[in-house]
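The values are calculated or read from the model by the stated rules, or taken from the named source; none is laboratory data. Treat the numbers as computed from the prediction; the structure is a model and nothing was measured. Glycine gets a Cβ as well: all are built from the backbone with ideal geometry, and neighbour counts include every protein chain shown. The accessibility values were calculated without ligands, DNA or RNA, using every heavy atom of the protein model including side chains. Shrake-Rupley method; radii C 1.70, N 1.55, O 1.52, S 1.80 Å.
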Amino acid sequence: MFSKHSDNPVSFKSSWKTEQQLAEGGTQTEEVGQEEAECQVMSLIEAGVQTEEEEPPNFDNQEYDEASLAEFLQRITPKVLQELDRQNRSRAFDGFLLMREEETSQVKLMHTLRWSNRDAEGFVSSIDWSCTGSVIAVAYGWSSHDDWCDHKSAVAIWNINRSDFDAKQPERVIDVSSCVASLAFHPTNPAVFAIGTFNGEVLVYDLVHVEDVVPMATGDCGGGSVTTLLWVDSAIGRVSATRSSSTIVATTSTGYILEWTLNITKQELQLKSGFMLQGQDVPRSIRTQVDESSGVGIATASFNSEDKTLFVLGAEVGGMFLCSTAREVPTGVEFAGIGLKKCVTSVLAPHTGRVITAECSPHHRNAILSAASDNEIRLYSLLQPNKPVSVIYSEQNISCAHWSLSRPLGVAVGLVTGQVVLYDFGLKNCEPSLTLPAAEKPSPITTTAFNKKNMALIAAGDQLGRVSLWQLPNSAVSPTPTELSTLFTLLGNLAE
C-alpha cells in the first residue's frame, strides 16, 4: 500500500526570453552632377523715317468770279434740292441689309427667366430695365382680389451681364407684403427703383445696400391700387437734382394723381401735390358713375417727352384725357392734408373698353399711343384730339402695348395668345411687321418692356410667371430714312 517516494528535483531551461542579434548596414546615393549654362536675349535695332514736310495749300486768297459762282449756284441749287427730295421719298433701299447685319437679321430667344420659388398662382405684373440696360426687375402679382390684398409677393432681380448669370435663379429677391401692381427704375440712378402695390403703397429701394431688405422710403396713396409709377423731373436734364432728389408720380385706381418728392440723401418720400380724375371729367357717353365728384379709376398714364407739365391718362371706363400739372382749379377733395386739383384740359376720342395703354411718343411731342380691351391700337395727335389719325384693329385680344424706343412708327403689342407682335403705323395693310412666337406652353402676355440701352432687346412677361428676352432683328429696330417724316405726315404736322 505504501511505497518509497524520491524527492530529487527535476528542472528545465527557460525559453521565454531569447537573446536578440543586431546587424548594421548602410547605403549611399550617387553623386548629383551639376552644370551651368548661359543665354542672352536677341539684340534690337531701332530705325526711324520721316516724310518730307509739305506746305498745305492756301485757299484764303484765291481769286474767283463771284458773279459767275452766284449764277452757277442759282442755276444748280433747285435741281440739287429736287433730287435730294426725290431721294428722301424713295423706298428703294427700305429692305436693304448690309452684310454685317446678316447675323442679326433673325429673331432670337436669348433667355427665359424663371423664379423657382414663385407661387404657382402668381403672374408677371410689371417689368422694367435699369438705365444701364444690365439689370431687369420682375414684379409678381395675383389676378384675383376680393378686397384687401393679403398675398405675399416679391420682386426678382437679374443682372444679365454677370458672369454667373442664371436664368432660373435671380441675383436678388425682395419680398413684398402685397401684390406689386407697378414698377419703375430711376432714369439716371441704376440702383434705385420704386414699386407700387395693390394696397396703395409706394416703396422705394436702393440696390446699393445689398443686405437691406427694407425700403429706404415709403409713401401711402390712400388704399387704391398704384396702377402707374412715373419718374418725371430726371428727364428735364437737371443732373444735380436727379442725384439728390427726384419727383415720382403715382396714379391710383381711385382716381388720384399724386406727386412725390424723393430725397435720396435723407431717404425721405414727401407728398408734394396731387390731382384727381373725377366723374364729371368723363364724357357722358361712357360715364357710369352717379356721383360726379367721386374719383374715376386710372389704368395708365404717361408724361410728354418734351413738356413735363403735360400728361395723358387712360381710364378704366375707356376714357382718354389730356392733362396738365399747371391747372390750379380745386376739386374740393383733400388727401393727406393737401387739396387735390383738377388736371383735365381736353378729352380724346374714347375707347369702348378698358384702356390698357396711354403712352406719349418718345419721338414726337404730339403723338399719343393707346390700346384698349376693344382690341384697337390707336395713334392720336394732340392737334386733333377728337378722332385718332390711325387705327389698327387686332383680331386677337390685346393685353399690353408700348412704343418702340428706336422706331418712330413701331409699336410692340402683347396678346393673350402668348405672342408679341410688332406693328408699323406706316404700313397701310395693318398687318404685323414681325411676330414673336409663343412659348411651347402658351400663356397670355401680361407686360412688355424694351431695354433702354440695347433697344433690340425686349422682355415679355406672361401669366405663368415667365419672362422671355428676345433679340429683335435690325429691320425691327433701325428706322427707315422716311419713317419720322411719315409720322409727321400722319399727325398733320409736317410743317413743324
Checking 318, 314 in turn, the sole residue that is open to solvent by less than 10 Å² (accessible area, probe 1.4 Å) and part of a loop (DSSP other than H, G, I, E, B) turns out to be 318
Result of the Cβ filter at 6 Å on segment 444-473, keeping first residues that are touching a residue at least 40 places away in the same chain (Cβ under 8 Å) and among the basic types (Lys, Arg) and partners that are assigned to a strand (DSSP E or B) and surrounded by fewer than 18 Cβ atoms within 10 Å (Cβ to Cβ), at least 6 apart or interchain, is 466/112
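Considering only segment 242-310, give the strands (runs of 3 or more DSSP E) lying wholly within it that have at least 1 residues that are β-branched (Val, Ile, Thr).
Values: elements: 245-252, 256-263, 268-276, 298-303.
Per the criteria, 245-252, 256-263, 298-303.
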If we keep only residues of segment 109-135 that are β-branched (Val, Ile, Thr) and over 13 Å from residue 466 (Cα atoms), then the residue surrounded by the fewest Cβ atoms within 10 Å (Cβ to Cβ) is 132
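Can you tell me which residue among 126, 153 is modelled with pLDDT under 95, within 24 Å of residue 208 (Cα to Cα) and not hydrophobic (A, V, I, L, M, F, W, C)? It would help to see each step written out before you state the result.
Numbers: 126 fails: modelled with pLDDT under 95.
The match here is 153.
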Report task. For segment 392-402, indicate whether the set of residues that are over 26 Å from residue 183 (Cβ atoms), of a type in the set (Ser, Thr, Tyr), in a strand (DSSP E or B) and open to solvent by 10 Å² or more (accessible area, probe 1.4 Å) is non-empty. Result -> yes
All conditions in (1) over 30 Å from residue 488 (Cβ atoms); (2) at pLDDT below 90 are true of residue 114 except (2)
Taking segment 407-431 and keeping only residues that are crowded, with 17+ Cβ neighbours inside 10 Å and in a loop (DSSP other than H, G, I, E, B), one is left with 407, 408, 409, 418, 419, 425, 426
(1) open to solvent by less than 10 Å² (accessible area, probe 1.4 Å); (2) farther than 22 Å from residue 106 by Cβ all hold for residue 486 apart from (1)
Quick check, is residue 375 among the polar types (S, T, N, Q), closer than 23 Å to residue 315 by Cβ and without any contact (Cβ under 8 Å) to a residue 24 or more places away in the chain?
yes
For segment 94-123, pairs from a residue that is in a loop (DSSP other than H, G, I, E, B) to a residue that is open to solvent by 80 Å² or more (accessible area, probe 1.4 Å) and at pLDDT below 80, with Cβ under 9 Å and 6 or more apart or across chains, are 121/143
Picking from 346, 324, 246, 273, the residue that is over 24 Å from residue 410 (Cβ atoms), in contact with a strand residue (DSSP E or B) (Cβ under 6 Å, 6 or more places away or on another chain) and free of Cβ contacts under 8 Å to residues at least 24 places away in the same chain would be 324
Going through segment 124-166 in order, the residues found to be touching a strand residue (DSSP E or B) at 6+ places or on another chain (Cβ under 9 Å), outside any strand (DSSP E or B) and not acidic (Asp, Glu) are 130, 131, 133, 134, 142, 143, 149, 151, 152, 160, 161, 165
Only unsatisfied item for residue 288, checking (1) more than 26 Å from residue 396 (Cα to Cα); (2) open to solvent by less than 50 Å² (accessible area, probe 1.4 Å), is (2)
In the set 204, 214, 176, 180, the lone residue that is open to solvent by 20 Å² or more (accessible area, probe 1.4 Å) and out of contact with any Asp or Glu (no Cβ under 7 Å at 6 or more places or on another chain) is 214
How many residues of segment 323-343 are modelled with pLDDT under 95, under 27 Å from residue 447 (Cβ atoms) and outside any loop (DSSP other than H, G, I, E, B)? The answer is 0
